[in-house]
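Inspection log for the structure reproduced underneath, given as C-alpha cells.
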Amino acid sequence: MAVIEIKLPHHRYEVRIEPGAIASLGNWAKDAAPHKRAALISDQAVADTHATAAAQSLAQAGYDVLTHTIPSGESHKNLDTVRALYDLLVGARFERKSPVIAVGGGVVGDTVGFAASTYLRGVPFIQCPTTLLAMVDASVGGKVGVNLPQGKNLIGSFYQPNLVVADTNTLNTLPPRELKCGLAECVKHAVIRDADLFDWIEQHTAAITDQDAQTLVELVSRNVAIKAAVVVADEKEAGERAHLNFGHTFAHAIEATTGYGTGESYHHGEAVSLGMVAATSLAVEVGRCDATVLDRLKQLLDRIGLPTRADNLPPTQQLIDSMLIDKKVADGRLRLVLPDRLGEVSIVSGASHEQIARAWGTVRQA
Ligand SMILES: NC(=O)c1ccc[n+]([C@@H]2O[C@H](COP(=O)([O-])OP(=O)(O)OC[C@H]3O[C@@H](n4cnc5c(N)ncnc54)[C@H](O)[C@@H]3O)[C@@H](O)[C@H]2O)c1
C-alpha cells in the first residue's frame, strides 16, 4: 500500500492507495472522520459493486450508513443534483460531524464535495475515486464544484477532503476508454514535473493498460505525489498550480466547440491529449522546446491509444475565439502552459494568433 500525506497550512489528510482498499474504508474513516453516521453517495454505475463494498466496510466499522446514487455522466454535475443531496441530508437530519463519502469518478467527487463543502457550512468529506482520472487528479487538491448551463465548473469552492481512498481494483470495471483518459492526465503530470515518470510510462504502457496491480499502484502513487506537491505549493492557484493546465486551454476549446457532456465526440482526456500536442507544437515553433519532446509525446499518446490528430475539429478561428473566453485569459492575452523540456513548463503569454493557429494545424487531420 502507498500512503501519501497532504499537508496544507490549515489541514492535513492522507491518500491511501491499494488494491482492495475499499474493504478498509470503514476503519480509516473512523480515524479521519469519526461519527455514528455516514452518507455514502455513489455513481449509479458503481452502486452495486464498489459502493456496496464501501457501505459494507463502513457498516462493519460501526457507521449507520445512508446510501444514495447519482445518475452517471457529466450532465448530472449540476445544482439540481446538489439540491437533491441537500434534501437528503436535511431529511435525514445529518449533523456537522457526519462524514459524506463520494464513490465514483470526478463527476461524483466534484458534485458531492461541493454539497459537503456547503451543507451546514461544511461537513467531513471522504473521496473514494473509482476512475483513473479521479484517482490521479480530481480527488486530490480540494477543487469541488458543478457546472452551469453557461459553462463547466463555474460554481465551486476549495474544500479539502479528510481522506482519499483509492482502490486500484475498482479500475478493473472501468471502460478502457476511461482508463486511457486518466492516462492523459498522468502524461500531463510527467511533462510538467517529472521526466523520469515520462520514461516510466513509456516503459510500462502495456502493464498499465493490462492493469497489472502493482503497476497501477505505482502509477497512481507517483501521480498523486506530483499533484499533491503542486497543490501544497499553491493551494488556491495563485501561481504554479496553473501548470496543471498544460494542454487544457486547447482542450477546453475543443470541448466547448464540440459540445462537452452532451454525447460529445471527445472525452476530456482525449481533448487533453490533442491539447498537449498542440501546446508542445507551439513550444517547438516559438523555440522554447526541442522537437524530440514533441515526437516522444506523440509516440507515447499514440501507443496509449489517445488521439494526436483529429479530423472533425471546428474552424481554427472558432477554436481561438473559444480559447480567448477561457478562464486563463489575462488582459486579453492568452496565458499558455508550454513545455521547456520534459519535466519543466513555463507560463507564456506572448504567442501570436498566427502561431496558435499553426499549433491547431498540427493536430488537424489533413
Ligand atoms: N476537482 C478537480 O480538481 C478535477 C480535476 C480534473 C477533473 N475534474 C472533473 O472530473 C470530471 C471527470 O471525471 P471522470 O473522468 O472520472 O468522469 P466520470 O465521473 O463521468 O466517470 C467516467 C465514467 O466512468 C463511469 N465509472 C466511474 N467509475 C467506474 C468504475 N470503476 N467502473 C465502471 N464505470 C465507472 C462513470 O459512470 C462515467 O460513465 C469532470 O467533471 C471534471 O471537470 C475535477
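Return only the number of the condition from (1) touching a helix residue (DSSP H, G or I) at 6+ places or on another chain (Cβ under 6 Å); (2) under 21 Å from P129 (Cβ atoms) that H243 does not satisfy.
Unmet condition: (2).
Quickly run through segment 171-205 and pick out the residues that are more than 10 Å from the ligand (Cβ to nearest atom) and in contact with a His (Cβ under 6 Å, 6 or more places away or on another chain).
I192, the sole residue that qualifies.
Would you tally the residues in segment 89-121 being in contact (Cβ under 8 Å) with a residue 40 or more places away in the chain and farther than 28 Å from T173 by Cα?
Selection size over segment 89-121: 7.
Within segment 43-61, does at least one residue satisfy the condition of being among the hydroxyl-bearing types (S, T, Y), closer than 24 Å to D110 by Cβ and within 20 Å of the chain's Cα centre (by Cα)?
No, there is no match, as no residue in segment 43-61 is among the hydroxyl-bearing types (S, T, Y), closer than 24 Å to D110 by Cβ and within 20 Å of the chain's Cα centre (by Cα).
Give the residues of segment 217-240 that are buried (at least 16 other Cβ atoms within 10 Å of the Cβ) and part of a loop (DSSP other than H, G, I, E, B), sorted by residue number.
Correct list: E235, E237.
Report, by residue number, each residue of segment 268-304 that is part of a loop (DSSP other than H, G, I, E, B) and crowded, with 20+ Cβ neighbours inside 10 Å.
C289
Look at G62 and say whether it is among the small types (G, A, S) and in contact (Cβ under 8 Å) with a residue 40 or more places away in the chain.
no
For segment 326-345, indicate whether the set of residues that are of a type outside the set (K, R), under 30 Å from Q203 (Cβ atoms), in contact with a Pro (Cβ under 8 Å, 6 or more places away or on another chain) and in a strand (DSSP E or B) is non-empty.
Scanning segment 326-345 turns up at least one residue that is of a type outside the set (K, R), under 30 Å from Q203 (Cβ atoms), in contact with a Pro (Cβ under 8 Å, 6 or more places away or on another chain) and in a strand (DSSP E or B).
Can you tell me which of L163, L171 is closer than 19 Å to S42 by Cβ, in contact with a helix residue (DSSP H, G or I) (Cβ under 7 Å, 6 or more places away or on another chain) and touching a residue at least 60 places away in the same chain (Cβ under 8 Å)?
Details: L171 fails: touching a residue at least 60 places away in the same chain (Cβ under 8 Å).
After applying the criteria, what remains is L163.
Could you identify the single residue in Q150, Q160 that is within 16 Å of the ligand (Cβ to nearest atom), under 29 Å from A256 (Cα atoms), of a type in the set (S, T, N, Q) and crowded, with 16+ Cβ neighbours inside 10 Å?
Testing whether each residue is within 16 Å of the ligand (Cβ to nearest atom), under 29 Å from A256 (Cα atoms), of a type in the set (S, T, N, Q) and crowded, with 16+ Cβ neighbours inside 10 Å leaves just Q160.
Just to be sure I understand the filter: pairs with C-beta atoms under 7 Å, separated by 6 or more residues or on different chains, first member in segment 301-316 and outside the structural domain of I254 (by TED's automatic domain parsing) and over 13 Å from A359 (Cβ atoms), second member modelled with pLDDT of 95 or more and not aromatic (F, W, Y). Which pairs pass?
Pairs that qualify, where the first residue is outside the structural domain of I254 (by TED's automatic domain parsing) and over 13 Å from A359 (Cβ atoms) and the partner is modelled with pLDDT of 95 or more and not aromatic (F, W, Y): there are none.
Restricting to segment 124-141, name every residue that is surrounded by 21 or more Cβ atoms within 10 Å (Cβ to Cβ) and assigned to a loop (DSSP other than H, G, I, E, B).
Result: T130, T131, S139, V140, G141.
The values are calculated or read from the model by the stated rules, or taken from the named source; none is laboratory data. Worth saying up front: this structure is predicted, and the values here are computed from it rather than measured. Ideal geometry is used to build each Cβ from the backbone, glycine not excepted, and the neighbour counts take in all protein chains shown.
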